[in-house]
Amino acid sequence: MGHIQPIWSDPAAYLARIRPEEAVLFLDPNALAHAYARFQRGFPGLVTYAVKANPERQIIERLTALGMAAYDVASPSEIDLVRAACPDARLHYHNPIRSRREIALAEAAGVASYSVDCLSELDKLAEGLADHRVDVAVRFALPLAGASYDFGSKFGATPARASELLARAAALGFIPAITFHPGTQCTDPKVWAQYIAAAVGIAEAAGVRPARLNVGGGFPSARDGREHDLGLIFQTIREATAAHFPDHAPELVCEPGRAMVSDALSLAVMVKAVRGGDLFLADGIYGTLGEQHQIGLTRRLTVIPGDGIPRGAEARDWRVFGPTCDSLDVLPEAVSLPADLAEGDHILFHSLGAYSTAMATRFNGYGAARLVPVQSLYPA
């Protein structure tokens, strides 16, 4: 029989008993189930999980057990990961750049949908796929604000070019579709409405009725310290689609990553040393805190004292370094924490389920994080 991992009551109980020096990611299965149910109940179409956000096998297996049957993948490795956990899953390979070998592997794995944003990649699919009875979603981008960083800087055709690609995809016998990504941690529902309005213009210019409209990911988590109303975003998507596609609404698809897993995991990192106004932690930007430089510091923090005595001093700003020998291993801004923080304390970074283990390196031998299930992420 396999080993059954115990479920701890909360991170504080685990840290007091085990006293780990390495980073630990705590998973609340109920929080993951809540996020899954929120999308399944609220989004008016097919929900696919963006594996890149957190490719841990436990996450894929738990989502599959909850009923997730469609996944957004970006590489053959992610395809293999999902197929192992969910052999019958619908796979959307929406990384717009693929080698010919990757196309062959994807077809052998039964990928159902691909995205493109340029003619050369569309022609590569046409040449490489023996069966054209798959979705080809043309990805476009608009110069819109509202997200933590712009996904259109790397991928996404202009609307005019997207119309040409959509017409070409349909002419090649593919199932025509349109896709976009509003950008990560997008908090403005109007961004989705503006993209949907542009999508109908692309379809009309191409003379094509898209079978599906993939509204991307970008749904916000609570990492900025706020609870965001995903219901309002879902409602905006539903209403914008009905308004702009009144007679031939395409099937809607979304691909949440961050909003599915971020708030279900918290990271505990031990304070290795206190030196003046500087903290040195057991993990940093080469490990599970790697994304902090891209979209800012996670705002939900909890201190778990190593000696069990609550830290009662007023907060002060600390400069926070990771454990490696590289001076670049520092958080991008000061962190407000109690002034009496001490070596051996743990800092809990909440909403760290997305792009934490996925971005971690093993530089200097650091970066590994144990995954531990708990009943609640917040100490009683």
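No value in this document is a laboratory result; all are computed from the given coordinates. Values in this document were obtained by computation on a predicted structure and should not be read as measured data. Neighbour counts are summed over all protein chains in view; Cβ atoms, including those assigned to glycine, are modelled from backbone coordinates with ideal geometry.
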Checklist outcome for this item: For the chain, the charge dipole (Cβ of Lys, Arg +1; Cβ of Asp, Glu -1; about the Cα centre) points to a positive end, and the Cα of G201, H34, V111 closest to that extreme belongs to V111
Checklist entry - Packing-wise, with mean Cβ within 10 Å as the measure, how do 174-181, 229-236 rank, highest first? => result 174-181, 229-236
Item to check | Cα centre as origin, Lys/Arg/Asp/Glu Cβ charges: the stretch 29-261 dipole, Debye | outcome: 200 debye
Checklist entry - Does the stretch 179-227 come out rounded, prolate or oblate, given a ≥ b ≥ c as the square roots of the eigenvalues of its C-alpha gyration tensor, rounded meaning a/c under 1.5 and, failing that, prolate meaning a/b above b/c? => result prolate
Checklist entry - For H244, what charge total do you get from the other residues with a beta carbon under 14 Å from its beta carbon, if Lys and Arg give +1 and Asp and Glu give -1? => result 0
Checklist entry - Considering only DSSP beta bridges whose two residues both sit in the chain, what percent are antiparallel, to the nearest 5? => result 40 percent
Checklist entry - Rounded to the nearest 20 Debye, what is the dipole magnitude of the stretch 10-139 about its Cα centre when Lys and Arg each give +1 and Asp and Glu each give -1 at the C-beta? => result 240 debye
Checklist entry - Kirkwood-based Rg over Rh for the stretch 211-261 (C-alpha set), two decimals? => result 1.05
Checklist entry - Amide H neighbours of R316 under 5 Å, counting only residues 5+ apart in sequence or on other chains, H built in-plane at 1.01 Å? => result L337, A339
Item to check | For A222, net neighbour charge (Lys/Arg +1, Asp/Glu -1) across residues whose Cβ lies under 14 Å away | outcome: +1
Checklist outcome for this item: Taking the dipole of the stretch 260-380 about the Cα centre (Lys, Arg +1; Asp, Glu -1; charges at Cβ), the one of V372, I304, S327 that reaches farthest to the positive side is V372
Checklist outcome for this item: Karplus-derived 3J(HN,Hα) from phi for the stretch 355-365 (6.51 cos²θ - 1.76 cosθ + 1.60, θ = phi - 60°), whole Hz, x at Gly and Pro, runs 6, 9, 5, 5, 9, 6, 9, 10, 4, 6, x
Next on the checklist: If I take every Cα pair under 8 Å that is 6 or more residues apart in the stretch 277-335, average their sequence separation and divide by the length, what percent do I get for the relative contact order?
Outcome noted: 48 percent
Next on the checklist: Could you give the length gained by full extension between E239 and A273, i.e. 0.36 nm per residue of separation minus their alpha carbon distance, to one decimal place?
Outcome noted: 6.9 nm
Checklist entry - If you average the sequence gap of Cα pairs under 8 Å that are 6 or more apart and divide by the length of the chain, what percent do you get for the contact order? => result 22 percent
Checklist entry - Order of 352-362, 20-30 by packing, highest average Cβ count within 10 Å first? => result 352-362, 20-30
Checklist outcome for this item: So for the stretch 64-114, using the alpha carbon gyration tensor with a ≥ b ≥ c as root eigenvalues (a/c under 1.5 gives rounded; past that, a/b versus b/c decides prolate or oblate), I'd call it prolate
Checklist entry - Counting Lys +1, Arg +1, Asp -1, Glu -1, what net charge surrounds R57 among other residues with beta carbon under 13 Å of its beta carbon? => result -2
Item to check | Per-peptide average of other Cβ atoms within 10 Å, ordering 77-86, 261-270 highest first | outcome: 261-270, 77-86
Next on the checklist: Looking at the calculated P(r) for the chain, what percent of the C-alpha pair distances fall above 28 Å?
Outcome noted: 48 percent
Item to check | Within a Gaussian network of the chain (alpha carbon springs, distance under 10 Å), most fluctuating of I202, I285, I18 | outcome: I18
Checklist outcome for this item: With -39,500 (n - 2.57) per DSSP H segment of 4 or more residues and division by the full residue count of the chain, the 222 nm estimate, nearest 500 deg cm²/dmol, is -9000 deg cm²/dmol
